[in-house]
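Single-structure report; data block below.
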Amino acid sequence: MAAARKPKRVAALQPGFLTLKSSTNPADLYSSKRKRVNKNKKKNWNKHSDVNDVEDFLEDVRLQERTTGGLLAEKPDDGLFFLDIGKPKKTEEKAPEPEEGKKRKGRSSRPLRIDLILQPDSLVPPPKDVLSYQQPNAKKVRRSEHLAAKGAVPRRQKLLLNRRIVPRTTKNAVTEANNNPNRDYYDIWGQETKDTADPWYLQQTKKKLVKRPEKLNAKPSELPAVEVIAPGGSYNPDFFAHQSLLQEAHDIEVVKQKEELKLERQLAYNKDDAATEETTFKEQVQGLVEEEDNDEDLSSDLDEEDNEEEEDGAVGAIAVAQKKTERQRKKERAEKVKEQRRLAEKQEVEKRQQLFQLRTIKTTIKKQDEKTKEKQTKRKAKQEAQKSQPRRLGRLKFQPQDMEIQLSDELAGSLRRLKPEGSVLKDRFKSLQKRNLIEPRERAKFKRRHKVKYVEKRAFREIS
């Protein structure tokens, strides 16, 4: 019979050992079976490592630092113990009489309970401010010294020097009464006084508005919002003014009619050449008759093409077989060099000849400058003219509204008998398009996706 295993002497089982964790039972340490865990892997370190004793020790150290300002083991005896000599005898001191104008201090002089709660209860000193002990970068110091030696002022300092000193208006200590007849008159409808604060202060406090770009202030068109109609469009116009307006409307209609006639001419065709039933039948039957003759012609054409391809192949093979000799390559290289030299000499001669053509060159340059100036003026004039014209902002072009005009026999002598024409809403909509505020649009075309299905109801079927 094998001898019984002798238990190991564990330090936790020794008498007088105080465990850091009160909940730990020393008997459990011996009775519990040890787990066999591979601690070579990092993921098993925190999982199977017991660090409660270390955490308890650190928590005890932090508690001592909070309550006593340090470790108890490092404190001297005078800081931990004191000599008890009993209660000190109270000396009868006469309370000082309160001075005139001062109240007697009593319980109100003691600190309030809420103030005591808000006071810090930790004796740990605040952390040291590292940034306050850091020295400035030596590179920046050397750069500032170098610029100061040259006399250059940094941008921030330059802005501070350019600051405008604003005189501060001192307010009156005593406000004036409302019934004072000599007080300054305040106009509530007057212009507000501008902010006289320092621009540097406004810029740093983000109270100064960003400067609006000039491009955003420009209008998209120079046309007025409401265009005034010509004098001939009045309800009781002058005869000549009305006739000139009628002529203008007539010219517009003539231009439209010419465009329609031009389109009709372009789409016109000869009616004699129109397709008939006979011509349509011939086109449909074409290619179905006389197939045998066409097959023979096709076979003969294919034989001729094969013979031609064989001859071309033989000639191409002979041409590829020829190879240039070394002498021919040297000759071609020499000719190429000779051609390059000839071109270089020609360019040199042309450069020398230009020295004697300075006057002619100056005149040509002057003419070119004049042409460019003319083009620039024309371009500017065109741009100015386009400012009052509608631009193409979308897929469609702007179509001007038809001129609203009345004929001579439709004129009314008074506003009461005047017949209204046009629509104010349509006029405003066209004005927005003409001034490039919105793009030209057209009415959306309704396209039905599914065919309408008609169903006859039972009640209607009974009646019919």
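Assorted remarks:
- Apolar share of the accessible surface for the range 388-464: 53 percent from carbon plus sulfur atoms, 1.4 Å probe.
- Filter on Lys380/Lys434; Lys219/Lys378; Lys215/Lys367; Lys262/Lys434 - keep pairs with C-alpha separation over 24 Å: Lys215/Lys367; Lys262/Lys434
- Inter-label distance, Lys140 to Asn162: 2.3 nm, where each label sits 7 Å from its Cα along the C-beta direction.
- HN-Hα J in Hz across the range 424-441 - Karplus 6.51, -1.76, 1.60, θ = phi - 60°, x for Gly and Pro: 5, 5, 5, 5, 5, 5, 5, 5, 5, 5, 5, 8, 6, 8, 9, 7, x, 9
- R0 of 35 Å, Cβ-Cβ distance Asp129-Trp200: FRET efficiency to nearest 0.05: 0.70
- Point-to-point label distance, Glu421-Ala73, nm (Cα→Cβ direction, 7 Å offset): 11.1 nm
- Among 273-286, 422-435, the order from most to least packed when residues are scored by Cβ within 10 Å on average: 422-435, 273-286
- In straight-distance terms, cross-link reach from Lys140 covers every one of the lysines whose alpha-carbon lies under 30 Å from its own, apart from those fewer than eight places away in the same chain; here that gives Lys128, Lys150, Lys158, Lys206.
- Residue-span extension gain [Val228 to Gln354] - 0.36 nm each, minus C-alpha spacing: 39.1 nm
- Remark: for residue pairs Lys208/Lys387; Lys256/Lys430; Lys256/Lys426; Lys397/Lys453, the C-alpha separation exceeds 29 Å in Lys208/Lys387; Lys397/Lys453.
- For a label point 7 Å along the Cα-to-beta-carbon line of Arg379, residues of the range 339-373 with backbone N under 17 Å: 368-373
- Inter-probe distance in nm under a simple model that places probes 7 Å from Cα toward Cβ, at Ile114 and Asn179: 4.4 nm
- In straight-distance terms, cross-link reach from Lys47 covers every one of the lysines whose alpha-carbon lies under 20 Å from its own, apart from those fewer than eight places away in the same chain; here that gives Lys21, Lys33, Lys35, Lys39.
- Those residues of the range 405-429 whose amide nitrogen sits under 20 Å from the label point placed on Phe239, 7 Å along Cα→Cβ: 406-414
The values are calculated or read from the model by the stated rules, or taken from the named source; none is laboratory data. Keep in mind the model is a prediction, meaning the values are calculated, not measured. Methodologically, a virtual Cβ is constructed for each residue, glycine included, from the backbone with ideal geometry; neighbour enumeration extends over all protein chains shown. Heads up: the accessible areas ignore ligands, DNA and RNA and are worked out on the full protein's heavy atoms, side chains in. Shrake-Rupley method; radii C 1.70, N 1.55, O 1.52, S 1.80 Å.
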